[in-house]
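Worksheet for the structure shown next.
Each reported figure results from applying straightforward, stated rules to the coordinates on display, with no laboratory input. None of the values given here were measured: they were computed from a predicted structure. Using ideal geometry, Cβ is built from the backbone for each residue, glycine included, and neighbour counts are taken over all protein chains shown.
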Number of protein chains: 2
Amino acid sequence: MARTTGSHSDITGPRVRAAALRLFARGGYAAVSMRAIAAEVGVQAGALYNYTPDKQSLLFDLMQAHMTDLLAETPQDPSRSALQQLQDFVAFHIRFHADRPDEVFIAYMELRNLTEENFAVIERLRRDYEDRLETILRAGVASGDFSVADTKIVTLAIIAMLTGVNTWYRPGGRLSLDEVVAQYWDMVRKAVTA
Amino acid sequence: MARTTGSHSDITGPRVRAAALRLFARGGYAAVSMRAIAAEVGVQAGALYNYTPDKQSLLFDLMQAHMTDLLAETPQDPSRSALQQLQDFVAFHIRFHADRPDEVFIAYMELRNLTEENFAVIERLRRDYEDRLETILRAGVASGDFSVADTKIVTLAIIAMLTGVNTWYRPGGRLSLDEVVAQYWDMVRKAVTA
DNA sequence: GTCTATACACGGATAGAC
DNA sequence: GTCTATCCGTGTATAGAC
């Protein structure tokens, strides 16, 4: 009501980020120009700088938001058995990533295009996520449910395997997400139990 | 002897490719300029065009050579049991990829920077490699050695898991390559057997 | 085969009008 | 808040001298 005519910051801002997300995922950060992002939004290039100080911040904000969401939604319930927690983690990881293919693609492919400081922030969040899984594996080893020689390696192996789903899974494809989750859980369960 | 003075095509050519490999892996294809490649080699930018028609061919040649080597060296011995063949594949994949971190990084990260035609060639080679593994899994299922619901999914899961080694393995690190191979083989074996 | 010089397009970012 | 116009650096690729 008190809004100035022509003020669209609350609409245009999210649209800028959505356009950057789409284009970065499709063409890569370095290959996408600010002019291309502006065109996708339907404004001129100069207008973008009302919403981001520079192109780098656009990339960093997308990646940071993605990692923060990931950590916020990761299931954590120490009252459940290690096996149940691991199953929860596998199902969550696959579903969360399948829902956000663009964010996931950027989070893995554009790390090297972050400045040193921004990279350190994202890397820390990534390690925090890995630690969630390793904590589960350690609990399972302690309880005797899991037979795992090196929890760090198994952590990285499981995450790599699960994230790989994003390279081929498409909604409406041969397998439903439920079937995908079931098959990966079968592999993970067999790999970590005695 | 009959060589013209100043002719270094047999020396400079490989050096151009080596420089491109290094720089593409470090900074990304789109972010690396022909001037930067020339500087790494120690020539001027224009001289590069004696060795490659354009930047795109430089990328494509690197990726195609990598995939061709991969397929040429993949162990194939149908006389061995499915379990033995799978073990051979796991050990080969880890060692081959650990030896060529730059090539592997480019092969995975720069697919989208290939032209449509070049992408199709590389993609075909990648599928040929996947088929090698799936053939082993199918043989194991047929012989009753493996318990696998969907050989295609397991193929992709195993390759993703094994290739993930390259994101953290460094020579001289906490684990030797022998130990890495042993641990991954343990996981793969358990995941595919009953 | 390599050099210098250059054509020509496009990049990120900013200034100032509206 | 958005626009037009622009600064200035850098990009790929080529031309022609040596």
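With contacts defined as alpha carbon pairs under 8 Å and 6 or more residues apart, what's the relative contact order of segment B:57-192 in percent?
Numbers: 92 pairs, mean separation 45.9, N = 136.
Contact order relative to length: 34 percent.
Of the Cα atoms belonging to segment A:113-186, the radius of gyration and Dmax stand at 15.7, 43 Å. In nanometres and ascending order, the distances from the B:R174 label point to those of the other copies are 3.7 (point 7 Å from Cα along Cα→Cβ).
Relative to the longest principal axis of the C-alpha atoms of chain A, give the angle of the C-alpha long axis of helix A:116-143, reported between 0 and 90° and rounded to the nearest 10°. The two axes meet at around 20 degrees. Per-residue mean of foreign Cβ neighbours for A:182-191 is 5 (Cβ atoms of other chains, 10 Å radius). The mean number of Cβ atoms from other chains found within 10 Å of a Cβ in peptide A:152-165 is 6, as a whole number. Ignoring aspartates and glutamates fewer than eight residues from A:K152 along the same chain, the ones with Cα atoms less than 20 angstrom from its Cα are A:D88, A:E123, A:D128, A:E130, A:D131, A:E134, B:D178, B:E179, B:D186. In nanometres and ascending order, the distances from the B:K190 label point to those of the other copies are 1.3 (point 7 Å from Cα along Cα→Cβ). Seen from a random direction on average, the alpha-carbon convex hull of segment B:9-52 projects onto 2.6 square nanometres.
Would you mind getting the Kirkwood hydrodynamic radius of segment A:24-124 from its Cα pairs, rounded to one decimal in Å? Computed over segment A:24-124, the radius equals 15.5 Å.
Across the options A:G46, A:A194, A:P171, the greatest Cα extent toward the positive end of the charge dipole of segment A:46-194 (unit charges at beta carbon of Lys, Arg, Asp, Glu) belongs to A:A194.
Using the rule -39500 (n - 2.57) for each DSSP H run of four or more residues, divided by the residues of chain B, the 222 nm mean residue ellipticity is -22500 deg cm²/dmol.
Averaged over every viewing direction, what's the projected area of the C-alpha convex hull for chain A? Give it in nm², one decimal, please. Before the final figure, lay out each step's value.
Values: hull surface 56.5 nm².
It is 14.1 nm².
Within the protein assembly as shown, the percentage of alpha carbon pairs spaced more than 27 angstrom apart rounds to 57%. This model, with +1 at the C-beta of Lys and Arg and -1 at the C-beta of Asp and Glu, gives chain A a dipole about its Cα centre of some 440 debye. Rounded to the nearest 10 degrees, the inclination of helix A:177-192 to the longest alpha-carbon principal axis of chain A is 50 degrees.
Put the Cα centre of segment A:60-107 next to the Cα centre of segment A:147-190 and the gap is 13 Å. How far, in degrees from 0 to 90, does helix A:9-27 lean away from the longest principal axis of the Cα atoms of chain A, to the nearest 10? The angle comes out at about 60 degrees.
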